[in-house]
Amino acid sequence: MAFDVKSGRRSRGGRPRDPSLDQRILDATIELLPQQGIDGTSMDDIASRAGVSKPTIYRRWTSKELLIIDALAASLPPLNGIDADDPREGLVDVVVDILFLGTGGPAGMLGRLSDPPTPDPELASQFEARVVNPQRRTIAGLLQRAIDAGSLSADADIETSIDLLYGAAFFRRSRVALRFTEHGASTRETAQRIVDVLWRGLGGEARRS
């Protein structure tokens, strides 16, 4: 039995694997996470909910954490605003999604995996590859469209800009969650202010009210 380093999954020769079983396992994982949390969800629970054996799961995923990362990545909807005609307004939609991400449901488990008490290098790498990087690439495409259209400076630092967007959104969300600050302005107004500051910093014009 071979091990796929890129995916963290086991691969086998011979007869092709039944993809419907993969989906049943992923669905069972997503159903259990909001009810039991990461620590409370066991491979036995997932196997029972999916109607498969534990060896069937371990032939596909080498650990519960890697299975959870795959399940979360598959369950997260695409970011809103990516295909917006106006990249600036699309970016506001993206920040709204980030502000909401992790407030409940399966997505609420993302923070536990992205910032664990004891980081696991392999899990961190898999989480980045499967959850973080695809979103970053789509946001980078939105910013590049604005640069190509002349709305932002040609030398705008896209990667750092994405870091700033996530940082501002996560910090705001954590302050609300910890009740350091009240919700106050609507989520969209908060997202608009974050994008306005970033936009001006990247050489864009101030928003017309």
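On the stretch given as the range 145-170, residues that are in a helix (DSSP H, G or I) and open to solvent by 70 Å² or more (accessible area, probe 1.4 Å) total 6.
The set of residues from the range 165-190 being modelled with pLDDT of 80 or more and touching a Leu at 6+ places or on another chain (Cβ under 6 Å) comprises ALA169, THR187. If you go through the range 75-92 and keep only what is open to solvent by less than 30 Å² (accessible area, probe 1.4 Å) and at pLDDT 90 or above, you end up with PRO87, ARG88, GLY90, LEU91, VAL92. Pairing residues of the range 58-86 that are in contact (Cβ under 8 Å) with a residue 24 or more places away in the chain and more than 14 Å from ALA47 (Cα to Cα) with residues that are hydroxyl-bearing (Ser, Thr, Tyr) and not in a helix (DSSP H, G or I), at Cβ distances under 6 Å and at least 6 apart in sequence or on separate chains, gives no pairs at all. Could you please give the count of residues in the range 36-83 that are in contact with a Lys or Arg (Cβ under 9 Å, 6 or more places away or on another chain) and assigned to a loop (DSSP other than H, G, I, E, B)? Residues flagged as in contact with a Lys or Arg (Cβ under 9 Å, 6 or more places away or on another chain) and assigned to a loop (DSSP other than H, G, I, E, B) within the range 36-83 amount to 8.
I need every pair where a residue in the range 18-40 that is without any contact (Cβ under 8 Å) to a residue 12 or more places away in the chain and open to solvent by 40 Å² or more (accessible area, probe 1.4 Å) has its Cβ under 9 Å from the Cβ of a residue that is outside any helix (DSSP H, G or I) and of a type in the set (Ser, Thr, Tyr), sequence separation at least 6 or different chains. What qualifies is GLN35/THR41; GLN36/SER42. Taking the criterion of being assigned to a loop (DSSP other than H, G, I, E, B) and modelled with pLDDT under 85, would at least one residue in the range 119-140 satisfy it? Taking every residue of the range 119-140 in turn, at least one turns out to be assigned to a loop (DSSP other than H, G, I, E, B) and modelled with pLDDT under 85. Note on the range 46-74: residues that are over 19 Å from PRO19 (Cβ atoms), crowded, with 17+ Cβ neighbours inside 10 Å and either of a type in the set (Lys, Arg) or at pLDDT 90 or above (or both) amount to 1.
The values are calculated or read from the model by the stated rules, or taken from the named source; none is laboratory data. Since this is a predicted model, take the numbers as computed values, not measurements. For neighbour counting, all protein chains shown are included, and Cβ atoms are generated from backbone atoms with ideal geometry for every residue, glycine included. Heavy atoms of the whole protein, side chains included, go into the accessibility calculation; ligands, DNA and RNA do not. Shrake-Rupley method; radii C 1.70, N 1.55, O 1.52, S 1.80 Å.
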